[in-house]
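Comments concern the structure below.
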Amino acid sequence: MSFVEYSDFIQDGDVAIVYLSHNSVMPVKVQQGAQTQTRYGVIRHSTDLIGQRYGSKVTCSKGGWVYVLHPTPELWTVALPHRTQILYTTDIATITMMLELKPGSVVCESGTGSGSLSHAILRTIAPTGHLHTVEFHQQRAEKVAEEFKEHRVDHLVTVRNQDVCQDGFGVTGVADAVFLDIPSPWEAVGHAKAALKKRGGRLCSFSPCIEQVQRTCDALSDHGFEEIDTLEVLLRVHEVRTVSLPLPDFGSDSEEAPPAVGATEHPSVTMKTTTPPRRMPGHTGYLTFATKPRS
Ligand SMILES: C[S@@+](CC[C@H](N)C(=O)[O-])C[C@H]1O[C@@H](n2cnc3c(N)ncnc32)[C@H](O)[C@@H]1O
């Protein structure tokens, strides 16, 4: 198992994702002889997990069942232990696309936080790219480095425990893209420019508040960045419902009444329709993108 390569069978030492229900998943470190408690009963690693196919339905001791899934960055994002606020897949998808990340890309990131975005970047840039990630909180830096090792992606990433605003990313002139998720990104724009390859390269900064965006845009402009755009990604999931609507009654003068479906007394038509959500999770943050000039 690796977060950047698929395996068919669960092995001792893997990190598997136990799917309990929609919106409820938990990561499990698979260990010979270990047990995991779930609300459906115990999962015994030696018999229930090791040697089974990823995707299998596993019956727990109380008779309920779960699915055991191969880890992906998307599943990790919803299963990971939170040490900070994290980025979710809706924003991550746009960041990946707008930064033009691909296998082989060299990326600089700060702060690492809980590593939600980092795992998605690693999957995209594997097998030949590299992520340089900077986190000034020592325990967070150590924990995420441990997770990268457990997830077998540590060969693709360098974790640096330093202040990006003071000490930069630890590399110069190599990055295809830089991503910032820190409270004062404008203080790191100079370091981001230095980390990017000599010509070209993309930058993205995530900030919850528009005042942060304003200061970042000013700094980007002062440092000669071009194509500065800020956007916000709002996901609106429509609910699909079946509704029954009464057919209009055009009165006896109407030449041709529409054919009735079902009952004749109150003719109605049944159809699928969608409704937008009355409430939805809205603002996460603003994404500001910019390009380092090619000349
Ligand atoms: C919101 S979290 C990042 C979450 C991350 N994008 C994720 O998806 O998991 C912000 C992180 O930036 C770190 N941080 C804040 N200022 C920093 C700085 N100047 N240098 C390095 N890290 C910094 C914080 O310690 C925190 O862990």
Query raised in the report: Total Lys pairs in the chain closer than 13 Å by alpha-carbon, pairs eight or more apart in sequence or interchain only?
Result: 4
Query raised in the report: For 269, 134, 78, what's the largest-to-smallest order of accessible area, 1.4 Å probe?
Result: 78, 269, 134
Report task. Could you pull out the trypsin sites (Lys or Arg not before Pro) across the stretch 1-94 that fall in loop regions by DSSP (anything but H, G, I, E, B) with no more than 11 other Cβ atoms inside 10 Å? Result -> 39, 62
Query raised in the report: Which number comes out as Rg/Rh for the chain once both Rg and the Kirkwood Rh are worked out on C-alpha atoms?
Result: 1.14
Report task. Would you work out the relative contact order for the chain, in percent, from Cα pairs under 8 angstrom that are 6 or more residues apart? Result -> 14
Query raised in the report: Counting only protein heavy atoms, what percent of the accessible surface of the chain is carbon or sulfur at a 1.4 Å probe?
Result: 51
Report task. Can you check what the net charge comes to around residue 14, using other residues whose Cβ is under 15 Å from the Cβ of residue 14 (Lys, Arg +1; Asp, Glu -1)? Result -> -2
Report summary line: In whole percent, the Cα-Cα distances of the stretch 32-75 spread across 10 Å bins from 0 upward as 28, 56, 16, 0
Query - Net charge of neighbours whose Cβ lies under 9 Å from the Cβ of residue 30, counting Lys and Arg as +1 and Asp and Glu as -1 - result: -1
Query raised in the report: When only Cα pairs under 8 Å and 6 or more residues apart are kept, what is the percent relative contact order across the stretch 15-71?
Result: 35
Requested in this report: Beta carbons within 10 angstrom, averaged per residue: use that to sort the peptides 173-179, 19-25, highest first.
Outcome: 173-179, 19-25
Report task. Indicate, rounded to the nearest 5 percent, the antiparallel portion of the DSSP beta bridges found entirely in the chain. Result -> 65
Query raised in the report: Rounded to the nearest whole Å², what accessible area per residue is found for the chain with the 1.4 Å probe?
Result: 54
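The values are calculated or read from the model by the stated rules, or taken from the named source; none is laboratory data. This one's a predicted model, so the numbers in the text were calculated from it and none came from an experiment. When we count neighbours, we look across all protein chains shown, and the Cβ atoms used for this are built from the backbone with ideal geometry, even at glycine. Quick note on the areas: whole protein, heavy atoms, side chains included, nothing else; ligands and nucleic acids left out. Shrake-Rupley method; radii C 1.70, N 1.55, O 1.52, S 1.80 Å.
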